[in-house]
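Student: Quick one: this structure, given as structure tokens, is what I'll be asking you about.
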Amino acid sequence: MTTPLLPGHPFVAYHNQQLHIENVAVQALAQTHGTPLFVYSKASMLHALAAYQRGFAGRNALICYGMKANSSLAVIQVFARAGCGFDIVSGGELERVLAAGAVPEKIIFSGVGKTRAEMRRALQVGIACFNVESEAELQVLSEVALSVGTTAPVSIRVNPNVDPKTHPYISTGLKGNKFGIAHERTVPVYLHAASLPGLKVVGIDCHIGSQITTVEPYLDAMDRVLDLVQAVEAAGVPIHHIDFGGGLGINYAGDTPPAADDLWKQLLAKLDARGYGGKQLMIEPGRSLVGNAGICVSEVLYLKPGEQKNFCIVDAAMNDLPRPAMYQAHHGIVPVVPREGAATTYQVVGPVCESGDWIGHDRDLHLQQGDFVAVLSAGAYCMSMASNYNTRGRAAELLVDGHSAQLIRQRETVADQMRHELLLK
């Protein structure tokens, strides 16, 4: 009997009383490769991508994977081979996507603090577009483009002042956020961009936040962006593409975000009604493509009963899974091989020397020392945000494809961490 753990995602499920990712038993992977261990389902990634592809069928659209969600090379390869473009936010991410086989003409460069060196490299390889986030950046990018004898294609990120109803740390479209140009300044900024000799205006960009679970913020943002497109074009600056960013949420704890194809059916209907359905479209999904594709497997080191709370101490920690400590985020935690009997309510914590090192509060689990647990929905913003705090090595990663599992990142050693450090003479 197979029991999926996440609605709509049959790729992480119990089969014959053992947790499987696709057709591979997780227990065997943990025993072979050790823990903490990230395991990703290729089928889950392509399943999530297919919803976007259905939503944009017949449209002039480019789906750019927002790779900051998970920048492992093999994950990038999965999306490159599926025809995706990429949304990058640093020069390092540019080199990663190129190493994984990305087509430069499908790369867009976002972020508020691009350096001259990053701009120069991106221009040299011929990326599709820079999403510019300030007036000062426009001037610098124009200068850099002229210095290398080319013209930089630009899209200006506008801030529509829309509340995405998400965690304040991952809200990006409000007036108080550091991102984008205030919508009141949009027309004069576009006129200034069009006047700079090193720039070519090609589009408009908007991204209001992450882990959005309702349609309304997107509909509101689209109306505001289309109002700006109308005003910019009326001022004499053509807009060739509209980039609506990403941000669609996933199911972490009973969340019910709309399916990507349902969301875009509504958004495209509005786009058509406003007369802009013929524009090229770009989107930048990240979490919604990889979040539910991954689990983090961890061993139970100790069970520590207490007067007020019981602690389950596992070998994964805040350096491996930073979202709970950073965002108070919820991740499902399940036993890899369930046991029969009464559950105990545990605080699931890691070994890092910080009170903030917790993975899950008040989880009812029946466990014994040495058991393995799986932290669900760990495909996004876990490994990409992992650190070496407490001189802990980054975990190994596996990619499962049907009945096979391939090692895609070796476990980091202490020697790896110290390789670029120098002792005093």
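The values are calculated or read from the model by the stated rules, or taken from the named source; none is laboratory data. Because the structure is a prediction, the values reported are computed rather than measured. Virtual Cβ from ideal backbone geometry, glycine too; neighbours counted across all protein chains shown.
Student: Quick one: how many residues across the range 351-375 are assigned to a loop (DSSP other than H, G, I, E, B) and under 15 Å from Gln328 (Cα atoms)?
Tutor: 4
Student: Among the numbered conditions (1) touching a strand residue (DSSP E or B) at 6+ places or on another chain (Cβ under 6 Å); (2) assigned to a loop (DSSP other than H, G, I, E, B), tell me where Val39 comes up short.
Tutor: So the condition that Val39 fails would be (2).
Student: Is it true that some residue in the range 284-295 is surrounded by 18 or more Cβ atoms within 10 Å (Cβ to Cβ), more than 24 Å from Lys200 (Cα to Cα), in contact with a helix residue (DSSP H, G or I) (Cβ under 9 Å, 6 or more places away or on another chain) and charged (D, E, K, R)? Full working, then the answer.
Tutor: Narrowing the range 284-295 to residues surrounded by 18 or more Cβ atoms within 10 Å (Cβ to Cβ): 284-295.
Now restrict to residues that are more than 24 Å from Lys200 (Cα to Cα): 285-295.
Checking the rest, the ones that are also in contact with a helix residue (DSSP H, G or I) (Cβ under 9 Å, 6 or more places away or on another chain) come to 285-295.
Keeping just the survivors that are charged (D, E, K, R) gives 287.
For the range 284-295, residues surrounded by 18 or more Cβ atoms within 10 Å (Cβ to Cβ), more than 24 Å from Lys200 (Cα to Cα), in contact with a helix residue (DSSP H, G or I) (Cβ under 9 Å, 6 or more places away or on another chain) and charged (D, E, K, R): present.
Student: Filter the range 307-336 down to the residues that are under 20 Å from Asn292 (Cα atoms) and aliphatic (A, V, I, L, M) and list them by number. Lay out the reasoning, then the answer.
Tutor: So in the range 307-336, the residues under 20 Å from Asn292 (Cα atoms) come out as 316-336.
Of everything in the range 307-336, those that are under 20 Å from Asn292 (Cα atoms) and aliphatic (A, V, I, L, M) turn out to be Ala316, Ala317, Met318, Leu321, Ala325, Met326, Ala329, Ile333, Val334, Val336.
Student: Would you confirm whether or not the range 387-394 contains a residue that is surrounded by 12 or more Cβ atoms within 10 Å (Cβ to Cβ) and either touching a strand residue (DSSP E or B) at 6+ places or on another chain (Cβ under 6 Å) or without any contact (Cβ under 8 Å) to a residue 24 or more places away in the chain (or both)?
Tutor: No.
Student: Restricting to the range 130-147, name every residue that is touching a residue at least 40 places away in the same chain (Cβ under 8 Å) and among the hydrophobic types (A, V, I, L, M, F, W, C). Write out each step before concluding.
Tutor: At the first step, the residues of the range 130-147 found to be touching a residue at least 40 places away in the same chain (Cβ under 8 Å) are 131-135, 138-139, 141-146.
Scanning the range 130-147 gives Val132, Leu138, Leu141, Val144, Ala145, Leu146.
Student: Restricting to the range 33-61, name every residue that is within 25 Å of Asp205 (Cβ to Cβ), more than 17 Å from the chain's Cα centre (by Cα) and in contact (Cβ under 8 Å) with a residue 24 or more places away in the chain.
Tutor: Arg54, Gly55, Phe56, Arg59, Asn60, Ala61
Student: Could you pull out the residue among Gly66, Gly34 that is within 22 Å of Gly247 (Cα to Cα) and of a type outside the set (D, E, K, R)? First the steps, then the outcome.
Tutor: Numbers: Gly34 fails: within 22 Å of Gly247 (Cα to Cα).
Answer to the selection: Gly66.
Student: Any idea how many residues of the range 227-259 are of a type in the set (D, E, K, R) and in a loop (DSSP other than H, G, I, E, B)?
Tutor: Of the residues in the range 227-259, the ones of a type in the set (D, E, K, R) are 227, 233, 243, 255.
Filter again for in a loop (DSSP other than H, G, I, E, B), leaving 255.
Residues meeting the conditions: 1.
Student: Now for a different question. Pairs please, first residue from the range 195-214 and aromatic (Phe, Trp, Tyr), second anywhere and modelled with pLDDT under 95, Cβ atoms under 6 Å, 6+ apart in sequence or on different chains.
Tutor: none
Student: Provide a single number: the residues in the range 24-57 that are surrounded by fewer than 16 Cβ atoms within 10 Å (Cβ to Cβ) and within 27 Å of Ala82 (Cβ to Cβ).
Tutor: 3
Student: Then there's this: Of all residues being in contact with a Ser or Thr (Cβ under 6 Å, 6 or more places away or on another chain) and in a loop (DSSP other than H, G, I, E, B) in the range 293-336, which is farthest from Gln27 (Cα to Cα)? Just the residue, please. Even if it seems obvious, please write down each step before you answer.
Tutor: We begin by selecting, within the range 293-336, every residue in contact with a Ser or Thr (Cβ under 6 Å, 6 or more places away or on another chain); these are 293, 297-299, 310, 314-316, 319, 331.
Still in the list and also in a loop (DSSP other than H, G, I, E, B): 315-316, 319, 331.
Values: Asp315: 15, Ala316: 16, Asn319: 23, His331: 20 Å.
The selected residue is Asn319.
Student: Given (1) under 14 Å from Leu399 (Cβ atoms); (2) touching a helix residue (DSSP H, G or I) at 6+ places or on another chain (Cβ under 8 Å), identify the lone condition not met by Ile88.
Tutor: If we test Ile88 against (1) under 14 Å from Leu399 (Cβ atoms); (2) touching a helix residue (DSSP H, G or I) at 6+ places or on another chain (Cβ under 8 Å), just (1) comes out false.
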